[in-house]
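What follows is calculated from the coordinates using simple rules that are stated; it is not laboratory data. The structure presented is a predicted model; accordingly, all values stated were derived computationally and were not measured. Ideal geometry is used to build each Cβ from the backbone, glycine not excepted, and the neighbour counts take in all protein chains shown.
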Amino acid sequence: MGLPSGAVTFLFSDIEGSTRLVKALRDRYPQVLAEHRDLFRAAIAEHAGYEVDTQGDAFFVAFAGAKQAVLCALQVQRALAAHLWPTGAAVRVRMGIHTGQAVPSGGAYTGLAVHRAARICSAASGGQVLVSQATQTLVEDEEEELGFTLLDLGEHRLKDLDRPVRLFQLAASGLGARAGPVAGMQARALPRERVAVLPFQNISPDPADEYFSDGITEELIDKLAQTAGLKVIARTTMMQYKATRLRTSEIGRELGAGTVVEGSVRKAGAKIRVTAQLIDAGTDEHLWSSSYDKELDDIFAIQSDIAGRVTESVAARLSAPGGPRLATQAAGAERDTDDMTAYTDFLHGRQLAHDRRSEETIRQALQFFERALARDPAFARALVGKADCLLWLDEEGIEPRAARAEAERVVRRALELNPRLAEAHSMLAPLHLARDELAAAKAEAAAAMQLNPSLSEPYRWLAQVSGGEGDPEEMVRLAEAGYQIDPLDLNLVALLGLAYFYAGREGQALAHWERSLPLVPYRTNAQLAEYHLGRGELGQAGEAIQRMKELRPDDPWNFTFEGYLAALRDDEQAARQLLSKLDELTEHGNATAFMAGFVHFALGEMDAFYARMSQALQSHDLPLLRLMYSPLFAAARGEPRFRDLLEAQRALMES
């Protein structure tokens with residue numbers, strides 16, 4: 001059809017949480033996006049709509065009549081709700097509809113009516129269709145006949161519109177969104193002391209300078225996190241919003257943050273320009289902005305000034321009677337080197353180390369850290385970066401044991417130079433845990449939390465310790481606290497599901513696994529396999545194990561759970577074959593003795609089970625949490641030998 005003219009009804013839409021979907025689905029996202037578009041375009045064609053523009057996950061459609069627009073939205077939402085999306089990654093679309101005078105312009109439209117429709121869409125949440133009063137008036141007499149209701153949500157102030165807008169929500173059978181206030185109104189209630197620092201944009205002539213803008217972002221997160229009263233979202237989560245198309249209010253709503261910092265960095269030679277602004281995520285109001293043109297050597301002063309101004313602004317907004325008290329001074333910039341070449345090498349290394357894509361990436365990061373240390377051997381944070389790379393090489397089995405010993409030596413040297421390095425204390429905690437040194441691990445994790453509350457890792461270590469000490473509820477509390485700080489920390493995502501499971505919170509565990517499946521598919525399937533095995537649901541356990549094998553064909557956990565399943569199915573030959581694979585890995589120095597013990601347990605071979613557990617105990621690899629809480633071992637918990645095994649582990653931890 002041609003471009004409608006006169007009074008036209010405009011429909012805008014986009015996908016809520018598209019950044020997370022991209023992260024979760026990775027190479028499957030283009031296919032999911034194509035399926036979304038196909039469903040949308042089928043409805044547009046059926047209701048005689050005109051597709052004005054499509055960009056990414058967003059649609060801009062015009063209709064000659066209001067009825068067609070509302071029916072199109074209804075069809076799309078029903079189709080999306082009924083469509084079979086990847087598990088845990090359902091596509092939730094928000095829509096805004098408004099009728100007004102069309103202003104055609106080069107095959108598209110401009111004017112206030114278009115702007116108003118776009119703003120109404122931005123106020124909606126996923127699955128919600130919001131309709132202006134102008135559109136509602138045109139269809140209200142046909143609601144019963146057409147099979148929908150438009151619920152009156154009252155007046156709302158929307159960004160850039162000078163008068164309140166009365167909004168209605170489309171309600172009908174087959175729609176997932178519940179009636180309620182628009183997202184824009186919810187956002188204004190977001191906690192202002194919860195701060196999200198968006199990745200600063202790199203606008204330097206050289207795109208390769210992105211490492212520097214990332215470094216500025218991370219430095220600001222660290223500085224702000226050291227301010228009493230602020231709750232700052234951690235780097236891991238915030239970096240997922242790099243180059244995002246989401247509005248500030250959407251980001252605030254996703255993260256539960258009322259205050260957002262954003263900015264840009266332009267680096268050219270020895271000069272640097274940094275811009276920064278503070279935004280109220282609930283109203284999209286710009287609270288302040290600053291621009292800095294400095295020599296590169298002044299970067300620490302710039303960071304301190306931005307952090308200080310953010311703190312003062314948030315403190316002023318929280319100064320109402322009865323509100324929380326907030327310090328008005330941010331921590332000073334961490335100037336632990338005066339060599340700017342060493343500092344830029346450090347930023348290069350840190351960016352690569354955080355990506356953790358491959359051994360090659362980590363070794364490149366290691367080279368940058370070593371270059372920084374060659375220029376300044378007393379650069380403590382570069383030492384921490386080097387230790388982080390060495391620990392990754394150990395954990396991945398590339399340089400086991402030797403890399404870990406060197407990492408600990410390097411971390412301790414960093415703390416000699418700067419005892420206030422939170423990351424160094426956090427790094428020591430799991431090293432102590434690996435040797436069953438519980439008291440030392442708790443002390444290091446607590447020190448890290450005090451020095452930098454935005455670090456999520458210490459919560460993970462303390463949650464594991466609490467579980468091992470027999471307090472699963474405290475394990476849940478700590479895992480939840482860390483998850484609030486860094487909801488995209490994949491290790492915490494996985495731990496929280498396990499914590500719910502082991503604390504007996506089955507409903508919460510299942511709901512969390514549904515959410516975590518796209519983020520940590522292998523570990524979530526492993527937890528599902530353990531859950532179904534414990535319930536005797538062998539078919540569902542087999543499906544989860546098959547998904548594990550597809551994701552990581554050679555992971556020893558596949559052999560473990562597959563062997564356990566084979567034993568439960570009385571397939572001793574298959575169980576023995578899988579035991580052989582685990583034994584071979586153990587002979588080559590892998591920590592798989594306890595995994596073989598799992599299979600022996602399922603076969604009913606208790607002497608062999610305890611022999612493998614004793615072997616794991618001596619090498620500090622005993623799976624204490626699973627032994628204490630997993631339903632796989634429920635039948636053995638009353639046995640004297642089982643109690644003796646746990647007592648031996650506790651004695652080791654207390655020594």
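Along the axis of the charge dipole computed for the chain (Cβ charges of +1 for Lys and Arg, -1 for Asp and Glu, origin at the Cα centre), the listed residues Met653, Leu624, Gly258 are led at the positive end by Gly258. So which of Lys159/Lys271; Lys242/Lys294; Lys242/Lys442 end up more than 29 Å apart, counting from Cα to Cα? Cα-Cα > 29 Å for Lys159/Lys271; Lys242/Lys442; rest within. Across the chain, the fraction of Cα-Cα pairs farther apart than 40 Å, rounded to a whole number, is 40%. In straight-distance terms, cross-link reach from Lys223 covers every one of the aspartates and glutamates whose alpha-carbon lies under 12 Å from its own, apart from those fewer than eight places away in the same chain; here that gives Asp305, Glu334.
Helix 299-317 and the longest principal axis of the Cα set of the chain meet at an angle near 70°. The listed peptides 611-617, 345-351, 588-594, ordered by packing as a protection proxy, come out as 345-351, 611-617, 588-594 (highest mean of other Cβ atoms within 10 Å first). As a calculated quantity, the FRET efficiency between Val103 and Arg552 at R0 = 60 Å, using C-beta atoms, amounts to about 0.60.
Remark: spin-label model distance Arg535-Gln364 equals 4.4 nm, labels positioned 7 Å along the Cα→Cβ axis. Model label sites at Ser5 and Ala378, defined 7 Å from Cα along the beta-carbon direction, differ in position by 7.8 nm. Computed from Cα atoms alone, the Kirkwood hydrodynamic radius reported for region 200-254 is 12.5 Å. Expressed per residue, the C-alpha convex hull volume of region 256-302 stands at 71 Å³. Distances between placed amide hydrogens fall under 5 Å for Val197 paired with Ile233, Val261, all partners being 5 or more residues away or on another chain.
The slack in the chain from Glu584 to His115, taken as 0.36 nm per residue of separation less the alpha-carbon distance, amounts to 162.3 nm. Against the longest principal axis of the chain, how steep is helix 359-375, in degrees 0 to 90 to the nearest 10, with axes from Cα atoms? Taking Cα atoms only, the helix is inclined about 80 degrees.
Look at the dipole of the chain built from charges on Cβ: of Ala45, Ile233, Ala387, the Cα furthest out on the positive end belongs to Ala45. Contact order, relative form, for the chain: 8 percent (alpha carbon pairs under 8 Å, 6 or more residues apart, mean separation divided by residue count). Taking a straight Cα-Cα cut-off under 19 Å and skipping sequence neighbours fewer than 8 places away in the same chain, the lysines within cross-link reach of Lys581 are Lys549.
With Cα atoms as the point set, region 1-49 shows a radius of gyration and Dmax of 14.5, 43 Å.
Give the residue from Cys72, Gln450, Ala270 lying farthest towards the positive end of the charge dipole for the chain; charges sit on Cβ (+1 for Lys and Arg, -1 for Asp and Glu) and the dipole is referred to the Cα centre. Going by the charge dipole, the pick is Cys72.
The base-10 log of I(q)/I(0) for region 7-182, evaluated at q = 0.08, 0.13 Å⁻¹, reads -0.22, -0.60 [Debye formula, identical scatterers on Cα atoms, solvent excluded]. If R₀ is 25 angstrom, what is the calculated FRET efficiency for the pair Asp570 and Ala611, using the beta carbon separation as r and rounding to 0.05? For Asp570 and Ala611, the calculated efficiency is 0.65.
Please state the shape class of region 520-655: rounded when a/c is under 1.5, otherwise prolate if a/b exceeds b/c and oblate if not, all from the C-alpha gyration tensor. Because a/c hits 1.5 or more and a/b exceeds b/c, region 520-655 counts as prolate. Under 5 Å from the amide H of His83 lies no amide H of any residue 5 or more positions distant or on a separate chain, with H modelled from the backbone and absent for Pro and chain starts. Overall shape: oblate for region 584-655, with the ratio a/c of the largest to smallest alpha carbon gyration tensor axis at 1.5 or above and b/c at least equal to a/b. For the chain, the longest principal axis of the alpha carbon atoms and the long axis of helix 538-551 meet at an angle near 80°.
Measure out, as a whole number of angstrom, how far apart the alpha-carbon centroids of region 1-43 and region 479-531 sit. The two parts, judged by their Cα centres, are 30 Å apart.
Computed across region 194-317, the Kirkwood hydrodynamic radius from all distinct Cα-Cα pairs reaches 14.4 Å. Residues Thr283, Thr54, ranked from the fewest to the most other C-beta atoms within 10 Å, line up as Thr54, Thr283. For a test of the definition: using alpha carbon positions, the gyration tensor, and the 1.5 limit on a/c, classify region 340-418 as rounded, prolate or oblate. Judged from the Cα gyration tensor, region 340-418 comes out oblate (a/c at least 1.5, b/c at or above a/b). Amide H contacts of His156 (H built 1.01 Å from N, in plane; Pro and chain starts excluded): Val165, Arg166, Leu167 sit under 5 Å, all sequence-distant by 5 or more or on other chains. Relative to the Cα centre, the charge distribution of the chain, modelled as +1 at Lys and Arg Cβ and -1 at Asp and Glu Cβ, gives a dipole magnitude of about 1120 debye. Between Ala82 and Arg28, the simple spin-label model (points 7 angstrom out along Cα→Cβ) gives 2.3 nm. Comparing region 419-519 with the 2.2 N^0.38 Å rule of thumb, its C-alpha radius of gyration ratio is 1.05 (two decimals).
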